[in-house]
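Presented below is the structure to which this report refers.
Derivation of every value follows stated rules applied to the coordinates shown; laboratory data play no part. Remember, it's a predicted structure, so these values are computed and weren't measured experimentally. Here the Cβ is made from the backbone with ideal geometry for all residues, glycine too, and neighbour counts use every protein chain on show.
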Amino acid sequence: MSDPVGPGSFAVRVSRGSGRWRVELLAEDAGDELPVLERALGEPGAGGWPPPFVVVVDSRLYFVVLRHGPGGMVRALISDATMLEWVLAAEVVERYGIGVDTDGAFDDDESGWPGGDLDVFADDGLPAEELRPIVTADDLWAEEMVHRIAGRLGFADELAAAVNP
């Protein structure tokens, strides 16, 4: 893996209004509480389209994205659905019904598998087929994956300013 960029754990809310991205750092313990993260999304439909999303990087090992979808349901993505020993990962997998195939989930490099909605950023211009190589890269820490996603979507500077004050 390459050298980490920024803190090993963080939780942010990302929104876009009037063509500008806004990244807000959530409370330090927000990444520990799934209900807090869900509340940070706001009311379904209140943030315009595409809706805001929450990103949590947990201990550089995996990240989670939550976002409202059609009808107010929450769409969820976890970069490594096999991290079930971590409380947040286990809660996300259970609450959103993310399938985890632990048989054969690891290759020779012991890298895990993303789970959930890989099209969570499709409305922003990053479809699943372009997101998959980022979230399956063996040489990236979770926060590096998030920074790559931010770069592709156009909020890398705002993310860096929020997590590295």
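Annotations for the structure displayed:
- Within the chain, longest stretch clear of exposed GluC sites (Glu not before Pro) (DSSP loop, no more than 11 other Cβ within 10 Å): 1-84
- Between D139, D119, D80, the GNM of the chain built on Cα springs shorter than 10 angstrom shows D139 fluctuating the most.
- In this structure, the amide hydrogen of L26, modeled 1.01 Å from its nitrogen in the peptide plane, lies closer than 5 angstrom to those of A11, V12, R13, counting only residues at least 5 positions away or on a different chain.
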